[in-house]
Each structure stands twice: as structure tokens, then as C-alpha cells.
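Below is one structure, written out as C-alpha cells; comments come after it.
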């Protein structure tokens, strides 16, 4: 389980996502043990402390918002590396 997060944390980033997807993304980030929370105004905040966390957040957002073609291109680029 992730450590409690202070909503005033300076390294927390606001992620603008549609309300319909916010809780699904929140729960996926929690599964990845990435500290995140929803503020009273409905914004999703994520604590990003290192490059691995940034990559995981990006990957999670891609799962929800990238088109099939974009996901295929991204996967092909990963294979080339």
C-alpha cells in the first residue's frame, strides 16, 4: 500500500482527465502504488518523484486515451529499442 500523500506536496502534478475516466485512472495508479488523490475540486493529482513513476503515469494515460494506431506505433518503437 502506498504511503499517505500530503495534498500540498510540491512535486504533485495535476492531471487533466475527463471526469468519466478519473476514477478508473486513479485506481490503476493506486494498483501501481503511485501516490495520487482527487482534490475537492475534482482534479486528479499524482506525486511524481522519479522517471520511472513518470513513465508509468504516461503509460497509464496512454491506455485510456491513445488510439489503437498510436498504441501500435508506440509498441513498435519500444521493440526497436
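Among the candidates 76, 8, the residue that is out of contact with any helix residue (DSSP H, G or I) (no Cβ under 7 Å at 6 or more places or on another chain) and either in a helix (DSSP H, G or I) or at pLDDT 90 or above (or both) is uniquely 76.
For residues in region 12-50 being exposed (fewer than 11 other Cβ atoms within 10 Å of the Cβ) and assigned to a loop (DSSP other than H, G, I, E, B), which is modelled with the highest pLDDT? Looking at the filtered set, the residue picked out is 50.
Just checking, does region 59-69 include any residue being surrounded by 10 or more Cβ atoms within 10 Å (Cβ to Cβ), touching a strand residue (DSSP E or B) at 6+ places or on another chain (Cβ under 9 Å) and in contact (Cβ under 8 Å) with a residue 12 or more places away in the chain? Yes, because at least one residue in region 59-69 is surrounded by 10 or more Cβ atoms within 10 Å (Cβ to Cβ), touching a strand residue (DSSP E or B) at 6+ places or on another chain (Cβ under 9 Å) and in contact (Cβ under 8 Å) with a residue 12 or more places away in the chain.
The values are calculated or read from the model by the stated rules, or taken from the named source; none is laboratory data. Remember, it's a predicted structure, so these values are computed and weren't measured experimentally. Positions of Cβ are generated from backbone atoms using ideal geometry, with glycine treated the same way; all protein chains shown enter the neighbour counts.
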